[in-house]
Amino acid sequence: MSASPDGIIPRTPPRPDHVDYAGEGLDEGEVPGVPFALISSWVDTARARQVERGDVPEPLSFAVATVDADGRPDVRTVLMRFLDPVGPGFVTSLESAKSRQLEATPFVAATLTWPAMFRAIRFRGRAERIDPEQLDTYFAGRPRGSQLSAWVSHQSQPVEGREPLEHAWAGVEARFEGQDVPRPADWGGWRIAVDELEAWAGRSDRLHDRFRWTRVGEGGLDVAGAWRVQRLQP
Ligand SMILES: Cc1cc2nc3c(=O)[nH]c(=O)nc-3n(C[C@H](O)[C@H](O)[C@H](O)COP(=O)(O)O)c2cc1C
């Protein structure tokens, strides 16, 4: 990218004008009082497009924001590995920076973004640890290489080069040779117990559709009466 004196990222030459977000949008008639079916169907559509058209390469990647001990936001991309009416969930090291932050301050926000579909879903809520049985089942289905890496990585800690990691990986490969790799005790996951959710659908001229569900009662994302839905200005 060539430098610009005013710091504005120049427009891409073949498309001198901005990309029009010509999405399908979202009308009141399609917006349910409870959001679970809608978000499930958007996730399914994104996954289907990955297979059929390849223009949504990691449909389950989502940005998860936490706050540190000083109240400073932190954000990173993970893969959404669970989705149920409580909310989305992901797996990670329980020693990682994000896990430590969530232990101290459970408030969390996350977003799934699918630019090719002009769609995004935003979640806010509280993080809860995923229960061990569910994690064991998930871990058992992971590729063996990923299982071994879970034993090796002290996620978010500094390391003096790549070699110590590869050496440790070879060590755990030998240790578990001929047997199933168990889930390390420090490998876990978090579920976002959602209390606010937004579905964003891009429309032409940046006049987008946005709907926000706010919790007004007890129950999951599929419980009638637990949510108030409002259209937001773009
Ligand atoms: C596409 C993509 C998917 C990722 N998936 C995960 C994941 O599922 N779990 C995870 O712990 N880190 C994942 N990462 C790495 C995280 O972005 C991050 O580097 C790591 O979790 C450490 O973050 P922390 O130091 O803030 O805890 C992924 C990164 C990318 C780019």
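Derivation of every value follows stated rules applied to the coordinates shown; laboratory data play no part. What you see is a predicted model; the values in this text were computed from it and never measured. All Cβ positions, even for glycine, are placed from backbone atoms using ideal geometry, and neighbour counts span all protein chains on display.
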* To do: Work out the P(r) tail for the chain: percent of alpha carbon pairs separated by more than 22 Å, whole number.
  => 62
* With a ≥ b ≥ c taken as the square roots of the eigenvalues of the C-alpha gyration tensor of the range 1-105, please select rounded if a/c is under 1.5 and otherwise prolate if a/b is larger than b/c or oblate if it is not? => oblate
* With only Lys, Arg, Asp and Glu charged, each at its Cβ (+1 for the first two, -1 for the last two), find how big the charge dipole of the range 57-137 is about the Cα centre; round to the nearest 20 debye. => 400
* To do: Express in nm, to one decimal, how much length is gained between Glu30 and Arg100 on full extension, taking 0.36 nm for each residue of separation and deducting their alpha carbon distance.
  => 21.3 nm
* Cα gyration tensor shape for the range 131-188, rounded if a/c is under 1.5, else prolate or oblate -> oblate
* If you put +1 on each Lys and Arg Cβ and -1 on each Asp and Glu Cβ, how big is the dipole of the chain around its Cα centre, in Debye rounded to 20? -> 360
* Structure fact -> The extension gain from Ser4 to Glu160, computed as 0.36 nm times the residue separation minus the Cα-Cα distance, is 52.5 nm
* **Net charge of Cβ neighbours under 14 Å - reference Gly29; Lys, Arg +1; Asp, Glu -1** => -4
* Which of Asp136, Asp68, Asp180 moves the most in a Gaussian network model of the chain with Cα springs under 10 Å? -> Asp180
* Asked: Relative to the present Cα-Cα distance, how much length would full extension add between Arg129 and Asp44 at 0.36 nm per residue of separation?
  -> 28.1 nm
* Based on the Cβ-Cβ distance of Arg206 and Asp74, what FRET efficiency does E = 1/(1 + (r/R0)^6) give at R0 = 35 Å, to the nearest 0.05? -> 0.75
* Could you give the distance between the Cα centres of the range 155-234 and the range 55-70, to the whole Å? -> 7
* Asked: Is the shape of the range 59-154 rounded, prolate or oblate, going by the alpha carbon gyration tensor and its root eigenvalues a ≥ b ≥ c, with a/c under 1.5 for rounded and a/b larger than b/c for prolate?
  -> oblate
